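Worksheet: the structure to be examined is printed underneath.
Every number in this text was worked out from the coordinates using simple rules, so none of it is lab data. Quick caveat, the model's predicted, so the values are computed rather than measured. Positions of Cβ are backbone-derived with ideal geometry, glycine not excepted, and every protein chain shown enters the neighbour counts.
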Amino acid sequence: MNHETMTRDDIDELAIKEKIERELARYRVKQHEVFMVIGTSLNIDVERGSLKTAEIIRDAGFGVRVANEEGQCAFSYTSRMDSEAIKKTIKNVVSTMGQATKDPDFHSFASESATTKISPSLIFDPEIENIEIDDAVQLVTATLDSARSIDDEHVYSINVSFKAGNTRVFVFNSNSIEISEDHTDVGLDCEVTVKDGDEMNSDYDFSDGRALSQVTTDVGARAVYRALKTLGKVSVKSGFLPVVFSPRAAGYVVAGAVALAANAESIQQEMSFLGGKLGEKIAPDFLTIVDDPRLEAYSRHSTCSFDGEGSSTSTKKIVNAGILDTFLHDSYTANKVNVENTGNAARGSYDSPPHISPFNLIIAPDESSIVAREELLKGIEYGIYFDQTGDSPNMTTGDFSGMISSGFLIENGAITSPIEQATFGTNLLELLASIESFDDKPEDNAGTITPSIRLKGLHISGNQ
Amino acid sequence: MDNQDEEPDLDTIVMHALDLGVDFCDIRVDTWQGFNLELMKSQTRNISSSLGHGAGIRTLVDGAWGFAATTDISTTGLMKCCENSAKLGNACKNFVQEDKKFTIADDINFATGNHVITGPGEMDEVSGEEKVKFCLDLDKIARERSSLVKNVIIHFNEGYGTSTLVNSRGANVVKSIGTVYILANVLVKENDNLQSGMEIFSHIGCWNTADPTQVETAINAATDQGLRLLTAKACPPGAFTVIVDNKLGGVFVHEAMGHACEADAILAGQSILENKIGTCIGNESVTILDDGSNPDLYGYIPADSEGIPSHKTVLVEDGYLKGYLHDLESASRMSMIPTGNGRAQAFDYLPQVRMTSTMLEPRDWLVEELIKDTKDGLYCKNWQYGYVEPYKGTFMFKCKEAVMLEHGEETTLLKDVALSGQILQVLHDIDGIASDFGTSGGHCGKGGQSVRVCDGSPHFRINNVLVGGMDE
C-alpha cells in the first residue's frame, strides 16, 4: 500500500471548523461543541491459514452538540464534510434542540481543557501511518507460523486478524476549548479451534498497543497453548466453591463492573447498585481500583490527553483502599451535583454523543494481599479457575448470574482439567467482599490491567 | 471536498475495477438519516438527528477479497476507493491457499429494481416535537400506574436509509427502508429493593406508519414486570425442565441453532454443526427456518447486502439438519446456492453470513396443557440477552422472570434466570411444542457488526436445562 491510503489526505479541519462556526453563528446558538474524527484503518483477516480479506476504511465526520439558556440540548452528526452537509447538520441540530425538554441541570459544556498533553511518541507511531500492506501480511504470516510451530494433531483451525489505524480527533466548543490529538492503534489477534473427536473448543490471544513495535507475533503460539488446554472437559460439582479469577476474568468481572456501576449518569438515574455508597466501604481494605487515562506503561490502550468533550483526562482512584472514592463524571453529571469533572466522557466516534466510561483500568492491590502466582491456589481442594464469561451483571441490583464459558478445575491447589458447562451466581457487592488475595503477575487485557484474584467463592451449578 | 453533490455513475466505477483486473466487484452506497431520543427522568437526554452517506467497494482477485470504504462518494472519491480495493485484492491474492480460492458462479440470479418500502420524507411526516411528546406520554403512563415507579427510560430510535448495490454481474438493486426501535425500561423501587421491567417495540417503516397503542401496551407490560419483580426471589441453581414463552423461545432458536448454521462459521472451522447436514440433531417435532422476505417482520430485507433476493431457507426439518445460511463466498466454496444471508451493518463493513427472521414452527400442544403437564419445572418469560459459542456448541440466555411450576401450577416468581445448554443436545430435549406463535424484533451482534433480526417461536418445553442462580 502506498502512503496516501493511510494518511489523512486532503481534509483541512480548521477550514471546516470555520464553516461550522459560521453556520452556528447564523442561528445565534449560545453553546456548542464539535467533535471531529478523521481516520483510516487497515484490517487483514486470515481464515484457516489462508488470507480472506484485506480492507481499508477511511472515515471522516463530525458530531455537534448545541444548547440554549434553558438547557435544551441536542446532538447531530454527519459523515460528510462538504458545505451543504455542514449547513444541513447545523440546521438539523438547532431545530432538534427546540424539541428537547428544558433541563435546569444543564449548565455548560466542558470548560477546562488539557494543559499538559501526553507525549505524542507514546500514542502515535508514524510507522503505522506509513505501513505497507506487505508489512502487515508479513506480521500475519509470522503469527500463523508461530501458531503452526506447535505441532499438535488437535489443532483444527487458526484464524488471525490484524488491525492498524490512525485517527485525528479534534474538539472545539463555545468555551474556547480547541484541542486535537493524533493517535495510532495496532492489534494482532489469533483464534485457534481445537478438536478431539466430538469435542471442539476455541480460545484466543492477542497483542495490541499504540506502536507497531508493541505487537508480538508469538501470540500465535500462545493462542494454540490456550486452546489445547481447553480439551478434555470434566463436569463440575454444584455448590458454593472457591474461585480464582484469571486476569482476563478479573478485568471484566471486577474492574469493569465496578467502573460501570460508578458511572455518575447511572448513579443520577438511580440505575446503579453503587448509588448512595460514595465514601462507603465496598471492598476489602487491600483493594484499590484506578482509572488512569495517562498510563504510560503497558499497551497504553486508551491513553489520551483529553476526553470526548475536550476536558483534560485525569488519574483517579475509583476504589481507594476498599472505599468507593469517586464516581466517573462528564461535564453534565459533574455540573449537576457541583463536583469536579473527572474527564470521563468517552466517544466511540463522531456518530454518537459522549457517554461516561473509564479509560485504562488498573486493579492495584495492597502489597499485603499479593502472593506469588503458584501460591494463589494453595489450600483449594476443589474449586474453579474462572477464565471467561460472556454475561453481564444486572447493574441496578448488582446481581450477576451466567455461564462460565471458559474455566478449569482446581484440585489440591493446582489447575487440573477444563470444565464442562457450568453456571454461576453472585451479587457484585458480595463478590467484592469475598476477595481474599491477588497474584504478583498483573496482565494487560486491552487496557485493563489486573492480576489473578482469589475469592472465597461463588455459587456454581454444574452437571456432576 | 465540496464536490459531493454530483451523482456518481456506479457502473463506470465497476467497469474501472474490471479494467484493473479484478474478477468481481460490487459497490454499496448508503445514504441515511436518523432521529434518536433518550428520555430519562422525564427529560430528553441525547436527542439527536443525523444524516450521512458512504460507499464500500469490494473486489475479488483470485479468491482474495479487497475492500475499501469511504465517506467521500464523489466520482473521484469512489474511483480512489475502487483503486484501493483492487490494490488490496491484488496484494493479497498470493496469500490465498489454492484450495480456498473461489469464484462467483455464473448462474446466480442477482436482484434488480427499486424496493421502496418507505418513501423519502416519511420520517419527517411526524415532527420531532410529536415524537418527544409521545415519549413523555409513555413516561406518564408508567408513573401513573404506580408511585413505586422511580425512573422511566425510553430509547426511541428511528432511521431511514437508502442502500444501492451494483455489481459486475448485473445486480442493480435499491432498497429504501425506514425502521423504528423503541426500548422502554421502567425502574421501580420499594424500600431498598430496586427492580426494572423492559419491553421492546420494533417496526419496519417510519413512525408515521407505526401503531402507538402497541408501544403503550409495551410500557404497561414493562411497568407491570418491574412491579412483579419486586416480589421475585433469586432462582435456585440446578437442572430443570423449562417451558419458554414466545419471546424467550425466539431468542433460544436464534442463539441455540441459528448461529451455528451460519456457513462462515462452518468454513472457519468454528461450528459444531460442520458435516452434520442430513443427520438427526433434534426431536422430530423440531422445524426451524430463516426467512427474510416477510415485510411484516423486523428481520425483513428485500435483498441482502450482496444483491441476493431474500427467501425462505429451511435449517432443520423434523429434527434433521437440512441446510446452512450462506453468503456468496460460503455458497461458492461449499458448492451451494447463496441463501440471501450476506448482510453488512453499513457501507463500511464487509457482509457476513447473518440471520434475518428465524423461526421455530408451531405444533399442537396448547400452552395451558403444556404447563399443566409439567410437574416440576420453570416457566421462563421474556429475555434480557443471549449469546452462543458455536465452536464449543454451548449457548446461554438470560430471562427477565420465571415462575416455578409445581404439579402443573405456577407458584414462586423468580428473577434473573440464566439458562445454558449444548446445541447438539438441546433440540433432542424438546418434548412439547405449542400451537401458538409470537415474534419479536431486535438487533444481533457478530464480528463487530449489528443487524436487525426477528425471532419467532411458539411456547415449548425443554428437559434438563442447566440454570444458574444463587441459593437464598
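Overview of values
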| item | result |
| --- | --- |
| Two-decimal log10 I(q)/I(0) for chain B, as the Debye equation yields it once each C-alpha is a single scatterer, q = 0.06, 0.11 Å⁻¹ | -0.30, -0.96 |
| Selection from A:146, A:74, A:111, by position along the positive dipole direction of segment A:41-182 (Cβ) | A:74 |
| Rounded to the nearest 20 debye, dipole of the protein assembly as shown from Cβ charges on Lys, Arg, Asp, Glu | 1280 |
| Karplus (6.51, -1.76, 1.60) ³J(HN,Hα), θ = phi - 60°, over segment B:49-58, in Hz, Gly and Pro reported as x | 10, 8, 8, x, 7, x, 9, x, 10, 10 |
| Other protein chain Cβ atoms within 10 Å, averaged over every residue that makes up A:444-454 | 0 |
| MRE, 222 nm, helices only [DSSP H, n ≥ 4, -39500 (n - 2.57), over the protein assembly as shown, to nearest 500] | -5500 deg cm²/dmol |
| Cα-derived Rg over Rh, computed across the protein assembly as shown with Rh taken as Kirkwood radius | 0.93 |
| Packing-based exposure ordering (other Cβ within 10 Å, fewest first) of B:26, B:62 | B:62, B:26 |
| Sorted peptide list for A:89-102, B:137-150, criterion being average Cβ within 10 angstrom, highest first | A:89-102, B:137-150 |
| Reciprocal mean inverse distance between Cα atoms of segment A:1-119 - Kirkwood radius, Å | 16.9 |
| Percentage relative contact order, segment A:83-180, counting C-alpha pairs under 8 Å, at least six apart | 34 |
| Translational D in µm²/s for segment B:92-171 (Stokes-Einstein at 4 °C, 1.567 mPa s, Kirkwood Rh from C-alpha pairs) | 70 |
| Residue order, fewest to most surrounding Cβ atoms within 10 angstrom, among A:53, B:394 | A:53, B:394 |
| Residue-by-residue Karplus 3J(HN,Hα) for segment A:450-460, coefficients 6.51, -1.76, 1.60, Hz, glycine and proline x | 9, x, 6, 10, 9, 10, 4, x, 9, 6, 10 |
| Dimensionless Rg ratio for segment B:189-250, taking C-alpha atoms and the 2.2 N^0.38 Å reference | 1.49 |
| Relative frequency of Cα-Cα separations exceeding 21 Å in segment A:115-264, percent | 63 |
| Angstrom value of the Kirkwood radius, inverse mean 1/r, which spans all Cα pairs in segment B:326-399 | 16.3 |
| Inter-chain shielding of A:198-207 (mean C-beta neighbours from other protein chains, 10 Å cut-off) | 3 |
| Under the Debye formula (equal points on every Cα, no solvent term), log10 I(q)/I(0) of chain A at q = 0.08 Å⁻¹ | -0.55 |
| Peptides ranked, highest mean first, by Cβ atoms within 10 Å: ranges A:233-241, B:42-50 | B:42-50, A:233-241 |
| Amide H contacts of residue B:341 (H built 1.01 Å from N, under 5 Å, at least 5 apart or other chain) | B:326 |
| Under 5 Å, built H, 5+ apart or other chain: amide partners of residue B:235 | B:415, B:470 |
| Other protein chain Cβ atoms within 10 Å, averaged over every residue that makes up A:401-411 | 4 |
| Relative intensity, log₁₀ I(q)/I(0), of segment A:308-358 from a Debye sum that treats every alpha carbon as a point, q = 0.13, 0.15, 0.25, 0.29 Å⁻¹ | -0.32, -0.41, -0.95, -1.13 |
| Chain A - percent relative contact order, Cα under 8 Å, separation 6 or more | 16 |
| Radius, Kirkwood style, for segment A:378-464 when every pair of distinct Cα atoms is counted (Å) | 14.0 |
| Reach of residue A:87 by Cα under 15 Å, taken over aspartates and glutamates that are not fewer than 8 positions away in the same chain | A:18, A:21, A:23, B:2, B:5 |
| Check: chain B dipole with +1 on Lys, Arg Cβ and -1 on Asp, Glu Cβ, in debye | 940 |
| Amide H contacts under 5 Å for residue A:404, placed H, 5+ residues apart | A:422, A:423, A:424 |
| Within segment A:90-225: Cβ-based charge dipole about Cα centre, in debye rounded to nearest 20 (Lys, Arg +1; Asp, Glu -1) | 900 |
| Per-residue ³J(HN,Hα) for segment A:169-180, Karplus 6.51 cos²θ - 1.76 cosθ + 1.60, θ = phi - 60°, Hz, x for Gly and Pro | 10, 9, 10, 9, 8, 6, 9, 6, 6, 8, 8, 9 |
| Segment A:321-464: relative contact order as a whole-number percent, Cα under 8 Å and 6+ apart | 20 |
| Charge dipole (chain B, unit charges on Cβ, about Cα centre) - positive-most of B:195, B:459, B:390 | B:195 |
| Spatial separation of Cα centroids for segment B:79-120 and segment B:441-457, in angstrom | 24 |
